[in-house]
Amino acid sequence: QVQLVESGGGLVQAGGSLRLSCAASRSIFSIRAMEWYRQAPGKQRDLVASITSGASTNYANSVKGRFTISRDNAKNTVYLQMNSLKPEDTAVYYCKMYTISRDYWGQGTLVSVSS
């Protein structure tokens, strides 16, 4: 069983920055992809950013140029650097490990952006 633990969420003013971390209980070196999702109240969970084992990245249009996903294989950790935050970025952010056999999800971390 794999565990993913997110951290780094909190309350920030619009224009501010936060860095989220997702620590995995196993090696992420060969994991096909690590992803960040978010879910705002009353809305579906949407993909925010992903990073493959080859370090290729992909972003939702709404966060391009503001968010950066990265991974540290030595620490089994994935990060999401969030800059120029907007109130519409308010959501619970979830980390997901995408493997051939199944997906694993973290418990989520709340990001609140005030205007």
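The values are calculated or read from the model by the stated rules, or taken from the named source; none is laboratory data. It should be emphasised that the depicted structure is a prediction, and the values quoted were computed from it without experimental measurement. Quick reminder, even Gly has a Cβ in these numbers, built from the backbone with ideal geometry, and neighbours come from all protein chains shown. Remember, those area values only see protein heavy atoms, side chains included, never the ligands or the DNA or RNA. Shrake-Rupley method; radii C 1.70, N 1.55, O 1.52, S 1.80 Å.
Residue-level check: of (1) within 15 Å of residue 2 (Cα to Cα); (2) touching a residue at least 60 places away in the same chain (Cβ under 8 Å), residue 79 misses just (1). Within the stretch 78-99, can you find the residues that are open to solvent by less than 30 Å² (accessible area, probe 1.4 Å) and either more than 15 Å from residue 9 (Cβ to Cβ) or charged (D, E, K, R) (or both)? Listed by number, the residues that qualify are 89, 96, 97, 99. Within the stretch 61-74, being open to solvent by less than 70 Å² (accessible area, probe 1.4 Å), under 19 Å from residue 15 (Cα atoms) and of a type in the set (D, E, K, R) holds for one residue alone: 66.
Please indicate, with yes or no, whether at least one residue in the stretch 44-60 is closer than 19 Å to residue 115 by Cα and either open to solvent by 60 Å² or more (accessible area, probe 1.4 Å) or not in a strand (DSSP E or B) (or both). The answer is no, given that none of the residues of the stretch 44-60 is closer than 19 Å to residue 115 by Cα and either open to solvent by 60 Å² or more (accessible area, probe 1.4 Å) or not in a strand (DSSP E or B) (or both). Taking first residues from the stretch 6-19 that are outside any strand (DSSP E or B) and partners that are β-branched (Val, Ile, Thr) and open to solvent by 30 Å² or more (accessible area, probe 1.4 Å), the Cβ contacts under 9 Å between residues at least 6 apart in sequence or on separate chains come to 9/92.
Within the stretch 22-48, residues that are in contact (Cβ under 8 Å) with a residue 24 or more places away in the chain reach partners that are not polar (S, T, N, Q) and not in a strand (DSSP E or B) with beta carbons closer than 7 Å, at six or more positions or on different chains, in the pairs 22/106; 24/2; 25/2; 26/2; 32/100; 34/28; 48/60; 48/63.
Residues are listed down the side, and each one gets a yes or a no for (1) of a type outside the set (D, E, K, R); (2) out of contact with any Leu (no Cβ under 7 Å at 6 or more places or on another chain):
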| site | (1), (2) |
| --- | --- |
| 31 | yes, yes |
| 52 | yes, yes |
| 55 | yes, yes |
| 61 | yes, yes |
| 66 | no, yes |
| 71 | no, yes |
| 75 | no, yes |
| 79 | yes, no |
| 87 | yes, yes |
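Considering only residues that are open to solvent by 60 Å² or more (accessible area, probe 1.4 Å) and among the hydroxyl-bearing types (Ser, Thr, Tyr), look in the stretch 18-43 and name the one that is nearest to the chain's Cα centre (by Cα). Once the filter is applied, the top-ranked residue is 25.
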